[in-house]
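Please read the structure below before turning to the comments.
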Amino acid sequence: IATLSLGVALGLSTSVFAFIDAMTHPNSPYTHVEQLYSAQIGAKATAVQPSVREIHDAVEAVPEVEGVESATSKWLDVEAGESIVSAPVSYTSPGFFRLLGVHPRIGRLPTPDEVGAQHVAVVSDEFWKRRYGNRSETGDAQLRIGDHLYSIVGVLPPRCSAPWENTLVWIPQNEPQAGAFVSQIVRLRDGATTKAFYAHIKPFLERLTQMYSGPNGRPFAVGLRDLRPNPLDLLDFHRVMIGAAMCVLLIACANVAALMLARGMVRRRDFALR
């Protein structure tokens, strides 16, 4: 009984942990995600910053880079349906989604003719479920940002949030624009390393420091963030499952201890006689 109880508890715990591992290590929606990085270039406390185009061209010239696209993120008030929510909105360059290699879950991606010429937008899976009831088609779904009304043409798959972890709306633009947060989505060549990327981008950073920071200013730096899903990003649901599995395991251990104690107490007379 003790062995069976402990075996069932261990089997249940292992199954729960395996299920959570499968949920937290999902397949990425991006093609060859191991080659994708989000790069931010800048210097703190610098009044003058280089243009987005200047940074884009410099990153594109690095030998290890296969492709690069720009994205500007801002927190804006988005009117979706009958509610208004403050959400991170990314204005992306035309080839942004092509570089990621992502395919929409619902609808389609903006066509080259729609980029800049028409007001179209793509939303995240989370935003679509919360604000539009997870409809099976985009239909005539629209959202409003400021004075502009955008038609939603596509819904991206879950765990697709580049360039920032919580991006909810993407609006394609012909030219990158300045904003509070500017990112370069970089795809490295097959076999290229981030160490080699840092080595080749260093002269450009030093030139930016001389041009915009001066001798006493903060130096420009680059930060690369991997776009692979974070395996430690647990939701409350996952924590509850882990807690339940641990409780079952503790109960099984308590049962084993109780059975062993009862067996020992029953044999106290035998021990006394001996």
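The values are calculated or read from the model by the stated rules, or taken from the named source; none is laboratory data. Predicted model only: the values in this text are computed from it and were never measured. Cβ sites come from the backbone with ideal geometry, for glycine too, and all protein chains shown count toward neighbours. Side chains are part of the model used for accessible areas, which takes the heavy atoms of the whole protein and leaves out ligands, DNA and RNA. Shrake-Rupley method; radii C 1.70, N 1.55, O 1.52, S 1.80 Å.
Here are a few things to note about the model shown:
- Surrounding net charge for Thr167, when Lys and Arg each add one and Asp and Glu each subtract one, Cβ distance under 11 Å: -1
- For Rg and Dmax of the Cα atoms in Å, calculated from these coordinates, the label among (i) 19.8, 63; (ii) 18.0, 52; (iii) 26.8, 97: (iii)
- Considering only His103, Val33, Ile152, the residue lying farthest towards the positive end of the dipole of the chain is Val33, judged by Cα position with unit charges set on Cβ.
- Other residues lying with their Cβ under 11 Å from the Cβ of Ile145 contribute a combined charge of -1, Lys and Arg counting +1, Asp and Glu -1.
- Helical mean residue ellipticity (222 nm; -39500 (n - 2.57) per DSSP H run of 4+; nearest 500) of the chain: -11500 deg cm²/dmol
- Share of carbon and sulfur in the accessible heavy-atom surface of the stretch 132-207 [1.4 Å probe, %]: 48
- Helices meeting the span-like rule in the chain (full DSSP H runs, Cα extent of at least 15 Å along the helix axis, mean Kyte-Doolittle score of -0.5 or higher): 2-24, 194-208, 236-266.
- A 1.4 Å probe run over the chain, with the rest of the protein chains in place, finds 58 Å² accessible per residue.
- Normalising the Debye intensity of the stretch 1-91 to I(0), with uniform scatterers on Cα atoms only, and taking log10 at q = 0.12, 0.25 Å⁻¹ returns -0.73, -1.22.
- DSSP bridge analysis restricted to the chain gives an antiparallel fraction near 85%, rounded to the nearest 5.
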